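Each reported figure results from applying straightforward, stated rules to the coordinates on display, with no laboratory input. Keep in mind that this is a model prediction, so the values were computed, not measured. We place every Cβ from the backbone using ideal geometry, glycine too, and count neighbours over all the protein chains shown.
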Amino acid sequence: MLLIGTINITRTRERGDFHCPTCGTGREYLLKSRRPFLTLYFIPTVPIGGVEYFVRCSGCGANWDPAILRIEPAAMREQQAINFGIEAFRAAVLTALASGVISENQIRALLRISARLLPTPIDREQLGQLCSSAYQNRITAANYVRSVSGPWTTEQRQFALQAMFVAASAKGAALDDATIRLLASLRELLRLTDREYQDAVEAAIDWEVD
Ligand SMILES: [Zn+2]
């Protein structure tokens, strides 16, 4: 008796990193190919269908269409840019609060900054809520920047620095020691070179002209 059957042969073609929607974070993926073969006495002989590709998450084992590798990097960048804006704005709010008192001019500056950083600018009331929750949490601007700036690009770190400078200098009066110490520590906190720091501060001066 001739024993005939079929078998799917699966091979790993490529590995890399992708954003797994199930895991909700970056994971290693395996790009796999699958092709059905005719078997004779359980030995694969001739292919009887085309090659199909799929992507498997090494974290959770979920399978995805390879299209996910093309779509996700762009979506991921978009999400990262949104997160950055929210975080940089919060850093600017905390900078304005570093002296303990926030001036009317700083409130107006923060509202303008929100238009640059947030997907939708916030109003005075929302800013008030953000300030009071930031004040109650007692997380300093420096520690906040340390916690969130890891994934920021150099350009984003410079942009955040500008927002913080604008928020601090809008005070109008001479800056207090706490704020000056904070601004001086930002070069190291944001891992910027002297040149990158200086360029960003110079660009911050242009922000205020409006
Ligand atoms: Zn996963």
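Here Ser149, Ser185, Ser133 are placed in order of increasing Cβ neighbour count within 10 Å, fewest first, which gives Ser133, Ser185, Ser149. With neighbour counts taken as other beta-carbon atoms within 10 Å, the residues Cys23, Cys57 rank, fewest first, as Cys23, Cys57. Note on Arg108 and Ala75: the extension gain reaches 8.6 nm, defined as 0.36 nm multiplied by sequence separation minus the Cα-Cα distance.
Each part gets one Cα centre, and for the stretch 18-96 versus the stretch 119-174 those centres are 33 Å apart. Taking the Cα centre of the chain as reference, the dipole from Cβ charges on Lys and Arg (+1) and Asp and Glu (-1) amounts to some 940 debye. Residue farthest toward the positive end of the dipole of the chain, with Cβ of Lys/Arg at +1 and Asp/Glu at -1: which of Gly128, Pro44, Thr154? Of the listed residues, the answer is Pro44. Ordering Val145, Ile180, Ala115 by the projection of their Cα atoms onto the charge dipole of the stretch 73-207, which places +1 on the Cβ of Lys and Arg and -1 on the Cβ of Asp and Glu, puts Val145 at the extreme positive end. Legend note: in the chain, cysteines whose Cβ sits 4.7 Å or more from every other cysteine Cβ are Cys60, Cys131.
Within the shell defined by Cβ-Cβ distances under 12 Å, the residues around Val101 carry a net charge of -1, with Lys and Arg each +1 and Asp and Glu each -1.
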